[in-house]
Amino acid sequence: MSKSNSSTINSILPNLCYTPLVYERINKKLANNLTQAEIEKLIYESVKYADSIEKHGKNYYVNNLSSHISITINSNNFRVITVNKL
């Protein structure tokens, strides 16, 4: 992990936020039935140990190969937008 990615991770982690609908969207995309706490833990751990983080436009795209997911996060308010399987 590069130093810039490390500082990006450190700015994202304490600011992650969620809308009520994103929990449903994440469960639908992952074909799962996780609780809000389980989703938040999955996202937190996946960002913390991300394999790559790229910023395109207004979003961060976080890839975590061990979790097999890609997370889209708004770079202005750190709101989780969606999660996709890799």
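Descriptive notes on the structure:
- When each of Ala50, Ala31 is tested for being closer than 15 Å to Ile9 by Cα and of a type in the set (Gly, Ala, Ser), the lone residue that passes is Ala50.
- Near pairs, Cβ below 9 angstrom, 6+ apart or cross-chain, from region 16-42 (touching a residue at least 12 places away in the same chain (Cβ under 8 Å)) to any residue that is open to solvent by less than 40 Å² (accessible area, probe 1.4 Å) and part of a loop (DSSP other than H, G, I, E, B): Leu16/Phe78; Cys17/Phe78; Glu40/Leu16
- Criterion: out of contact with any Lys or Arg (no Cβ under 6 Å at 6 or more places or on another chain), closer than 15 Å to Asn74 by Cα and acidic (Asp, Glu) - qualifying residue of Glu38, Glu24, Glu45, Glu54: Glu54
- Ile69 vs. criteria without any contact (Cβ under 8 Å) to a residue 40 or more places away in the chain and open to solvent by less than 20 Å² (accessible area, probe 1.4 Å): yes
The values are calculated or read from the model by the stated rules, or taken from the named source; none is laboratory data. Not measured: the values here are computed from a predicted model. Reconstructed Cβ throughout: ideal geometry from the backbone, glycine too, with neighbour counts over all protein chains shown. Accessible surface areas use protein heavy atoms only, side chains included; no ligands, DNA or RNA. Shrake-Rupley method; radii C 1.70, N 1.55, O 1.52, S 1.80 Å.
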